[in-house]
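Let me begin by handing over the structure; questions about it come next.
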Amino acid sequence: MADYRVTIANRTYDVSIIDDQLVVNGDRISYDMDSLNDNGLHIIRQPNKNTEAYLEPNRQGQYDIQIDGNHLSAEILSGFQSSRKRSPQDTGSIHSPMPGLIIDIMVNIGDRVKEGQTLLIQEAMKMQMKLRAPSSGVVKFISTTPGSQVEKGVLLISLAPAG
Amino acid sequence: MKLLVANRGEIAIRIMRTCRELGISTVAVYSEADQNSLHTRYADEAISIGATKANDSYLNINRILKAAHDIGANTIHPGYGFLSENPKFGQAVEDSGLIFIGPRPETMAIFGDKLSARRAARKAGLLVLPGPDQPLEDNQTEYMINDSISYPVLVKAAAGGGGKGIRLARSDSELSEVVGLAREEAKAAFGDGTIYLEPLVQKARHIEVQILGDGKGKIINFGERECSIQRRHQKLIEEAPAPSLSNSERECIIEAACELGRNLKYRSLGTVEFLMDENSQFYFIEVNPRIQVEHPVTEMVTGYDLVREQILLATTGNLDLDQSQIQVRGAAIEARILAEDPDENFLPTSGEISYLKEPGGPGIRVDSALYQGMAVTADYDSLVSKLIAWGNHRKTAIDRLQRGLSEYQIGGLKTDLVFLNQILESHPYQTGEITTTFLDDFTPENNIPAESVTRDAAVAAALYIHQKRTQPKSTTDLNGNLWQQTAWREQISSGT
């Protein structure tokens, strides 16, 4: 079983995949997807409906999706329940939301942090932004330093699950 | 006959397609960055002309001429951009005994300098935008702003074209600020810092007339186009015919363009460009003495292949067409697919094309240089493809173009596909109320897709990641394919 929280156009969908069952925001749905080539083209089969979707990871750590003439981007947070697939990166990572200057980093590697705790401050266009932990955990690595100029979408801090 | 196309990208392929129909063998030239490009593969022969930087390849007259001689080409087509408006190129081609597909070098020289173009148009009796025909000197701004021209004004490069190097000034202080910048830009883009002033026409429409001349005074026209949808003075969506012109206005503007052509005994294809103000008064602005990016809309409504006519005229010296043969039927619209990000002020984008699916079906034409695996870089123009739609009415053409844009799938590169569709969808575009400042006031409707679409996309995204993580696809896919192939082979062999 695996759970994914997908955000598209400010809408959030909690998708659970349990064997061949799919549950979206609490509703069980019939949905089947196959890759048509190695380049991201997929076919989605639902009752009375076949849809073509093109998916690819983008440089901001999100996924670009072209579906029915719409160009969307999806942010995906995942939390694996299965121990076999447990992966520390899944708990949380903080990317720069915009190009800008890293002003301060308030944590060190190994620190335990709580969900919502401010981890670092970024300044862009004369505006300071607090970047907070998406979940509780332990700071696994910090890939920036105060005073660095970073592009949009750069991985800044990665958290591992606490415990 | 062997024709060398001194260009790259979609226009090089476009020209070679006509050559193939005419049985003319083709030669592509390419820079280092273009060694795998589509135009090199489409051509019968391809020859390297130097490094990626355009100055070392596509803008280098000597290298292109040497390539032509080495490979035995007798004709050169310059396309648009690069050397296409450079009279020295036309002259050098003709001096070396080859056929140049374009106007006489003297004519190109007149239109290469926008100030001499204004004088030529005035002499032919055309109404030219007010303002001095003299270049603007740094310390002369006060003298220049007088009875004939008032703010707001545009500062333009005399050697300019393609909307580059244009700056707006609304007051003396703004003018003195931008003069230096405009001059530097002009020098950098065109190697000539001469600038001049033109009044800004408010609520203007950009209307242009396609002409073809035999060089002896015979001029025929293929009607007009409207190209008012522009970003940074560069065209984005073009159409034929112009939706707002009355028949008498259309006749007037076409006659003015033809008169200029006759006056100069214009040779080859050319476009005479006008601005029309809100009182339907039209003013000459410039001539593009070459094939234009937006020529396909004219081809769609007239049924004529302009490149074919251009080549036949250049090789035979005769223009056998008559005006009565040319009729405009229906409407056509072109959308420029650009490697630019409309959300980031049209900054150039780059990337490798990971997936490509082009639209098709009734009334659709795609002129493209894209291929799967292509690395799109910022080395050259950001235009990567053109989508053109024809319909028997403007509304049908819009609907088709919108359908085509939504069918078009380009993976790995951010483009303006969605933005183009938003423009076409907007009320002012649909009703034909378009001016050159359309995009200044345009904010795309916040058209959030239907919930069912984002839901499908969300599930697809979750499954995509899930499949990537749980099924190392190398084994499953390969096994599946192998099994299918084996089963297929067995069927074949058992059947024989």
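The values are calculated or read from the model by the stated rules, or taken from the named source; none is laboratory data. In this text the structure is predicted, and so the values were computed from the model without any measurement. Cβ coordinates were reconstructed from backbone atoms using ideal geometry, including for glycine residues, and neighbour counts include every protein chain displayed.
With the structure loaded, tell me whether A:SER78 is at pLDDT below 85 and within 13 Å of B:ALA458 (Cα to Cα) or whether it fails that test.
yes
Could you figure out which of (1) more than 17 Å from the chain's Cα centre (by Cα); (2) over 24 Å from B:LEU129 (Cβ atoms); (3) assigned to a loop (DSSP other than H, G, I, E, B) isn't true of B:ALA314?
Only one criterion is unmet by B:ALA314, namely (3).
How about the stretch B:208-236: which of its residues are among the aliphatic types (A, V, I, L, M), under 19 Å from the mean Cα position of the chain (by Cα) and more than 12 Å from B:GLU294 (Cβ to Cβ)?
Result: B:VAL209, B:ILE211, B:LEU212.
I want to confirm something. Restricting to the stretch B:260-283 and keeping residues that are among the aliphatic types (A, V, I, L, M) and not in a loop (DSSP other than H, G, I, E, B), which single residue is farthest from B:CYS227 (Cα to Cα)?
Among them, the one singled out is B:LEU260.
Could you list, in sequence order, the residues of the stretch B:239-259 that are farther than 30 Å from B:ASN318 by Cα and either outside any helix (DSSP H, G or I) or touching a residue at least 40 places away in the same chain (Cβ under 8 Å) (or both)?
Scanning the stretch B:239-259 gives B:PRO243, B:SER244, B:LEU245, B:SER246.
A follow-up question, please. Please specify each residue of the stretch B:390-405 satisfying the condition of being touching a residue at least 24 places away in the same chain (Cβ under 8 Å), more than 19 Å from the chain's Cα centre (by Cα) and within 9 Å of chain A (Cβ to nearest Cβ).
Matches in the stretch B:390-405: B:ARG403 only.
Which of the following residues is more than 19 Å from the chain's Cα centre (by Cα) and either in contact (Cβ under 8 Å) with a residue 12 or more places away in the chain or crowded, with 19+ Cβ neighbours inside 10 Å (or both): B:LEU417, B:LEU413?
B:LEU413
Could you check, for the stretch B:363-371, whether at least one of its residues is more than 14 Å from chain A (Cβ to nearest Cβ), more than 18 Å from the chain's Cα centre (by Cα) and surrounded by fewer than 19 Cβ atoms within 10 Å (Cβ to Cβ)?
No: the stretch B:363-371 contains no residue that is more than 14 Å from chain A (Cβ to nearest Cβ), more than 18 Å from the chain's Cα centre (by Cα) and surrounded by fewer than 19 Cβ atoms within 10 Å (Cβ to Cβ).
Looking at (1) within 14 Å of chain A (Cβ to nearest Cβ); (2) part of a loop (DSSP other than H, G, I, E, B), which is the one condition that is false for B:LEU387?
With respect to (1) within 14 Å of chain A (Cβ to nearest Cβ); (2) part of a loop (DSSP other than H, G, I, E, B), B:LEU387 is out only on (2).
Let me ask something else about it. From the list A:ARG59, A:ARG86, exactly one residue is more than 9 Å from chain B (Cβ to nearest Cβ) and modelled with pLDDT under 80. Which is it?
None of the others qualify; the one that does is A:ARG86.
Could I ask something else about it? Testing A:ASP64 on (1) facing chain B (nearest Cβ under 8 Å); (2) of a type outside the set (Gly, Ala, Ser); (3) touching a helix residue (DSSP H, G or I) at 6+ places or on another chain (Cβ under 9 Å), one condition comes back false. Which one is that?
(3)
List, please: which pairs have Cβ atoms under 7 Å, are six or more places apart or on different chains, and start with a residue in the stretch A:35-50 that is more than 9 Å from chain B (Cβ to nearest Cβ) and end with one that is not aliphatic (A, V, I, L, M)?
That search, which allows pairs on different chains as well, returns A:LEU36/A:HIS42; A:ILE43/A:ASP34; A:ILE43/A:ASN50; A:ILE43/A:GLU52; A:ARG45/A:ASP32; A:PRO47/A:SER30.
Please specify each residue of the stretch A:89-137 satisfying the condition of being aliphatic (A, V, I, L, M), in a loop (DSSP other than H, G, I, E, B) and modelled with pLDDT of 85 or more.
Scanning the stretch A:89-137 gives A:MET106, A:VAL107, A:ALA133.
Could you tell me how many of the residues in the stretch B:406-442 are of a type in the set (A, V, I, L, M, F, W, C), in a helix (DSSP H, G or I) and away from chain A (no Cβ under 14 Å)?
3
Name the strands (runs of 3 or more DSSP E) wholly within the stretch B:1-97 that hold at least 3 residues that are in the same structural domain as B:LEU312 (by TED's automatic domain parsing), under 20 Å from B:VAL366 (Cβ atoms) and not hydrophobic (A, V, I, L, M, F, W, C)?
Strands (runs of 3 or more DSSP E) meeting the threshold: none at all.
Next question, about the same structure. Does B:GLU251 satisfy the criteria of being crowded, with 24+ Cβ neighbours inside 10 Å and in the same structural domain as B:THR302 (by TED's automatic domain parsing)?
Spelling it out, it is not the case that B:GLU251 is crowded, with 24+ Cβ neighbours inside 10 Å and in the same structural domain as B:THR302 (by TED's automatic domain parsing).
Which of the residues spanning the stretch B:183-234 are charged (D, E, K, R), in a strand (DSSP E or B) and surrounded by fewer than 22 Cβ atoms within 10 Å (Cβ to Cβ)?
B:GLU198, B:ASP214, B:ARG231
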